[in-house]
Amino acid sequence: MTKLRLAIVGAGPAGIYAADILLKAEKNFDVSIDLFEQLPAPYGLVRYGVAPDHPRIKGIITALRDVLDSGQIRLFGNVTYGRDITLEDLKKHYNAVIFSTGAIRDADLDIPGIDLGGSYGAADFVSWFDGHPDVARTWPLEAKEIAVIGNGNVALDIARMLVKHADDLLPTEIPANVYEGLASSPVTDVHVFGRRGPMQVKFTPLELRELGELRDVDMIVHDEDFDYDEGARNAIASNKQVMVIDRVFTQWRARETGAASRRLHLHFFSKPVEVVGEDGQVAGFRFERTTPDGEGGVVGTGDIREIPIQAIYRAVGYFGSPLDGIPFDDKRGVIPNREGQVIDDNDEQLHGIYATGWIKRGPVGLIGHTKSDAMETIKHVMNDQANWWTPAEPDEASVPELLASRGVEFTNIDGWHNLDAHELSLGEPEGRIRIKVVERDEMVRVSNAK
Ligand SMILES: Cc1cc2nc3c(=O)[nH]c(=O)nc-3n(C[C@H](O)[C@H](O)[C@H](O)COP(=O)(O)OP(=O)(O)OC[C@H]3O[C@@H](n4cnc5c(N)ncnc54)[C@H](O)[C@@H]3O)c2cc1C
């Protein structure tokens, strides 16, 4: 029987779901899948993006691990495509490759002052609090007043992590350095800014409601933002999610405030204008009030306002990174593709090369969405059988041999079990879910311990 030797690059949910869907699909060929991941541990943004105080979502790792444990997929962790393994290598050893490398960088926010000291990207902060091995161990948390720009779930994650008392994060898996950093933060006020109205936000009701439950944090919303126009009223009447969001805001507007030591302010209809600096450091945030334009968008009113802040975080979206030898759309930050089939500048399909997940369709959507995405891509991988590559060395042993010959210290699924058990054992005596190992070398050492 024909055998598909498939390489998948990126062991986030998109790559793992793609492998699972292919293995379970009805097909007239055998399959052997190798999954390459640049980090020593799999799961992508589920491990290094989802906030540590969302254990239910982090729990998706259990389902992803079951797929890796099926015995039909080999994981090669700590292997970076473009450095440890190249497109040429993949063509030599596989019939096809799927790239599921996601998005890890912050999208840009082009306003004056955005490069001042004290101005940060959400993705970097997320990587720090989620213990990503490739970012610095310390994070400057010296500001009392902080602005967060954006109205999606990531903006709310950032604001929550900044305003929450560190002790309330102790039961989670946060690494020790993150707890210490957050515990020393003098923050009193976090201001979240969105350019559109409260009924046009991108965050979900669950994430919003959670903010109102934070201990010793007052939620501050402003009456001027709740003078609904017809568009907002229609949205509340026709969309259940918007209706729930409206209900949450209504409750908060009726609440007494003033007793808490920290405040989380939500500002709507506020368009970023400038980050104001003093001696090269963030000192203020200038924004323009907007108003609905009657067509679902907003326009500036000319009413410019300013608040004092000492740090600013932009949470205006993630952005994919280009991969060696693979076309890249540098406007959208994705690999150009037709339903997952990678295409070149002339819209021609590049046979044998596929994409799925955030690197395929951009950094929007929840973990679940990567499943339907993977189904579409896998359908094409299966149907394109006539155009698969013909590898010169398809045998499975040749790949670990190649990596070893290059001195790559790769990890595997047993290694993840070792690391998982180790992290759980670090957490147990302290009554915590787990304590993450952060250093890359340490992750590899624990994973590969005999
Ligand atoms: C801060 C944040 C919080 C989120 N919270 C939630 C939530 O609560 N609930 C929810 O449903 N969704 C959440 N999401 C969305 C969810 O994380 C994404 O939908 C999902 O992770 C996208 O999956 P992916 O596999 O495409 O990308 P990723 O999860 O980014 O996985 C890509 C993988 O590819 C690897 N990789 C990249 N380049 C290379 C290379 N050159 N060589 C080898 N490997 C490489 C990366 O290391 C990574 O492991 C959140 C996202 C963010 C950013």
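The values are calculated or read from the model by the stated rules, or taken from the named source; none is laboratory data. Predicted model only: the values in this text are computed from it and were never measured. Cβ: placed from backbone, ideal geometry, glycine included. Neighbour counts: every protein chain shown. Side chains included, ligands, DNA and RNA excluded: accessible areas come from the protein's heavy atoms. Shrake-Rupley method; radii C 1.70, N 1.55, O 1.52, S 1.80 Å.
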### Message
Applying a 10 Å radius around every beta-carbon, put 282-293, 405-416, 140-151 in order of their mean neighbour count, most first.
### Response
140-151, 282-293, 405-416
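Full-extension gain between THR204 and MET375, please, as 0.36 nm times their residue separation minus the C-alpha to C-alpha distance. Numbers along the way, then the final one.
Working: separation 171, 0.36 × 171 = 61.56 nm, distance 2.51 nm.
The THR204-MET375 span can extend by a further 59.1 nm.
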### Query
Check ILE85: other-chain or 5+ apart residues with amide H under 5 Å from its amide H, H built from backbone geometry?
THR80
### Query
Fully extended, how many nm does the chain gain between LYS3 and ASP216 (0.36 nm per residue separation, minus their Cα-Cα distance)?
70.8 nm
### Task
Using +1 at the Cβ of each Lys and Arg and -1 at the Cβ of each Asp and Glu in segment 1-109, identify which of LEU6, VAL79, PHE29 lies farthest towards the dipole's positive end.
PHE29
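Give the calculated FRET efficiency between ARG445 and PHE226 to the nearest 0.05, with a Förster radius of 51 Å applied to their Cβ-Cβ distance. It would help to have the intermediate numbers written out before the result.
Numbers: r = 54 Å, r/R0 = 1.07.
With R0 = 51 Å, the Cβ-Cβ based efficiency is 0.40.
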### Message
How tilted is helix 153-163 with respect to the longest principal axis of the chain? Cα atoms for both, answer in degrees (0 to 90, nearest 10).
### Response
60
### Task
Under 12 Å from the Cβ of THR188, count the other residues' Cβ atoms, weight Lys and Arg +1, Asp and Glu -1, and hand me the total.
-1
### Query
How large is the dipole of the chain about the Cα centre if only Lys and Arg carry +1 and Asp and Glu carry -1, each at its Cβ, rounded to the nearest 20 debye?
840
#### Entry: Protein accessible area in the chain, 1.4 Å probe - carbon and sulfur %
48
### Query
What percent do you get for the relative contact order of segment 20-96 when only Cα pairs under 8 Å and 6+ apart count?
42
#### Entry: Cβ charges +1 (Lys, Arg) and -1 (Asp, Glu), total dipole of segment 321-385, debye
380
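When you count, for each residue, the other Cβ atoms within 10 Å and take the mean per peptide, how do 247-257, 102-112 rank with the highest first? Don't skip to the answer; put the middle values down first.
Numbers: 247-257: 13.0, 102-112: 17.4.
Ranked from most to least packed, the peptides come out as 102-112, 247-257.
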### Query
Across the Cα atoms of segment 89-192, what radius of gyration and what greatest pairwise Cα-Cα distance (Dmax) are found, in Å?
17.1, 57
### Share antiparallel - DSSP beta bridges, the chain, percent rounded to 5
35
### Query
How large is ³J(HN,Hα), in whole Hz, for each residue of segment 58-72 in order, when computed from phi with the Karplus curve 6.51 cos²θ - 1.76 cosθ + 1.60 and θ = phi - 60°, using x for Gly and Pro?
4, x, 4, 3, 4, 5, 5, 5, 4, 5, 5, 7, 5, x, 10
### Task
Straight distance only, please: which aspartates and glutamates reach the Cα of LYS58 with their own Cα at less than 12 Å, same-chain residues fewer than 8 apart left out?
ASP130, GLU173
### Radius ratio Rg over Rh of segment 283-382, counting only Cα atoms, Kirkwood formula for Rh
1.17
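Summing +1 for each Lys or Arg and -1 for each Asp or Glu, what net charge is found among the other residues whose Cβ lies under 14 Å from the Cβ of TYR228? Each step should come with its number before you reach the end.
Numbers: positive: ARG196, ARG233, ARG247, ARG253; negative: ASP223, GLU224, ASP225, ASP227, ASP229, GLU230, ASP246.
Local net charge: -3.
When you count, for each residue, the other Cβ atoms within 10 Å and take the mean per peptide, how do 345-351, 297-303, 265-271 rank with the highest first?
On the way: 345-351: 10.7, 297-303: 13.1, 265-271: 23.1.
Highest-to-lowest ranking by the protection proxy: 265-271, 297-303, 345-351.
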### Task
Of the options ALA235, LEU162, ILE309, report the single residue whose Cα projects farthest towards the positive end of the charge dipole of the chain (beta-carbon charges: Lys, Arg +1; Asp, Glu -1).
ALA235
#### Entry: Relative contact order of segment 364-450, defined on C-alpha pairs under 8 angstrom at six or more residues apart (%)
24
### segment 70-133 - Debye-derived log10 I(q)/I(0), Cα point model, q = 0.14, 0.27 Å⁻¹
-0.69, -1.26
### Task
For segment 211-221, take each phi angle, set θ = phi - 60°, evaluate the Karplus expression 6.51 cos²θ - 1.76 cosθ + 1.60, and give the result in whole Hz per residue in order, putting x for glycine and proline.
4, x, 9, 5, 5, 6, 10, 8, 8, 10, 10
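Report the local net charge at GLN349: Lys and Arg +1, Asp and Glu -1, summed over other residues whose C-beta lies under 9 Å from its C-beta.
Working: positive: ARG338; negative: ASP344, ASP347, GLU348, ASP384.
Neighbour charge sum, excluding GLN349 itself: -3.
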#### Entry: Quotient of Cα Rg and 2.2 N^0.38 Å for segment 1-151, N being how many residues it contains
1.27
## Note on the structure
Heavy-atom accessible area of THR390, protein chains in place, probe 1.4 angstrom, given in Å² to nearest 10, is 130
### Task
Pairs to check: LYS144/LYS240; LYS360/LYS450; LYS271/LYS331; LYS164/LYS331; LYS91/LYS202; LYS144/LYS331. Give those whose C-alpha atoms are more than 29 Å from each other in this structure.
LYS144/LYS240; LYS360/LYS450; LYS164/LYS331; LYS91/LYS202; LYS144/LYS331
### Message
Restricting to Cα pairs below 8 Å that are 6+ residues apart, what does the relative contact order work out to for segment 191-313? Please round to a whole percent.
### Response
30
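Treating only the Cβ of Lys, Arg, Asp and Glu as charged (+1, +1, -1, -1), what charge dipole size does segment 1-47 show about its Cα centre? Round to the nearest 20 debye.
Details: 5 positive and 5 negative charges, 6 e Å.
The dipole magnitude comes to about 20 debye.
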### Message
If I model the chain as equal point scatterers sitting on the Cα atoms and use the Debye formula, what is log10 I(q)/I(0) at q = 0.05, 0.07, 0.08 Å⁻¹?
### Response
-0.20, -0.39, -0.51
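For ASP168 and HIS54, what is the calculated FRET efficiency with R₀ set at 22 Å and r taken between the beta-carbons, to the nearest 0.05?
Values: r = 13 Å, r/R0 = 0.61.
With R0 = 22 Å, the Cβ-Cβ based efficiency is 0.95.
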### Task
Would you mind working out the accessible area per residue for segment 329-450, using a 1.4 Å probe, and quoting it in Å²?
53
